[in-house]
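Engineer: One structure is given below, represented as structure tokens, and several questions about it will come after.
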Amino acid sequence: QLVESGGGLVQAGGSLRLSCAASGRTFSTYAMGWFRQAPGKEREFVAAIIWTSSSTYYADSVKGRFTISRDNAKNTVNLQMNSLKPGDTAVYYCGATRSLNYSAHRGYDYWGQGTQVTVSS
């Protein structure tokens, strides 16, 4: 089970930190990804981290502004979002996949319920 938290309303230029708590099974052999979905749009890749190696991957649109990390002790994956823009407004989802194509949402096996992020101009 994956449970996201940390979403909210923030002004443009502000920051938010999302967390994804994993429970019920071990995700040590998975890659963990963050995706987002705005109304009327397809789910979009944001960032991914390999649990075992901590290698990270980012969409070009968030590179340099967002940072994905993991906390082994708490079994969580975090997404630090800085310099937020109105275009970042979406529901953010955490997922787990064994696929090597981390940016493809259809390859993910587990999803959280999502958390809303709204960036006002």
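Engineer: In region 67-85, which residue that is of a type in the set (Ser, Thr, Tyr) and out of contact with any Cys (no Cβ under 9 Å at 6 or more places or on another chain) is modelled with the lowest pLDDT?
Structural biologist: The residue in question is Ser69.
Engineer: Another question, if that's okay. Would you mind telling me which numbered condition in (1) touching a helix residue (DSSP H, G or I) at 6+ places or on another chain (Cβ under 8 Å); (2) open to solvent by less than 40 Å² (accessible area, probe 1.4 Å) Met32 fails?
Structural biologist: Going through the list (1) touching a helix residue (DSSP H, G or I) at 6+ places or on another chain (Cβ under 8 Å); (2) open to solvent by less than 40 Å² (accessible area, probe 1.4 Å), Met32 breaks only (1).
Engineer: Yes or no: Phe45 assigned to a strand (DSSP E or B), closer than 14 Å to Thr97 by Cα and of a type outside the set (Lys, Arg)?
Structural biologist: Yes.
Engineer: Search region 86-103 for residues that are without any contact (Cβ under 8 Å) to a residue 24 or more places away in the chain and pair each with any residue that is charged (D, E, K, R) and part of a loop (DSSP other than H, G, I, E, B) when their beta-carbon atoms are under 9 Å apart and the residues are at least 6 apart or on different chains.
Structural biologist: none
Engineer: Right, something else. For region 86-105, indicate whether the set of residues that are at pLDDT below 95, more than 14 Å from Leu2 (Cα to Cα) and among the charged types (D, E, K, R) is non-empty.
Structural biologist: yes
Engineer: Return yes or no: is Val119 touching a Pro at 6+ places or on another chain (Cβ under 6 Å) and farther than 15 Å from Phe27 by Cα?
Structural biologist: yes
Engineer: Show the residue pairs that are 6+ apart or on different chains and have beta-carbon atoms under 7 Å apart, the first residue being within region 22-41 and within 19 Å of Gly6 (Cβ to Cβ), the second being assigned to a loop (DSSP other than H, G, I, E, B) and β-branched (Val, Ile, Thr).
Structural biologist: Ala38/Thr89
The values are calculated or read from the model by the stated rules, or taken from the named source; none is laboratory data. Bear in mind the structure is a predicted one, so any value in this text is a computation, not a measurement. Every residue, glycine among them, receives a Cβ derived from its backbone with ideal geometry; neighbour counts consider all protein chains shown. Surface accessibility is based on the protein's heavy atoms, side chains included, excluding ligands, DNA and RNA. Shrake-Rupley method; radii C 1.70, N 1.55, O 1.52, S 1.80 Å.
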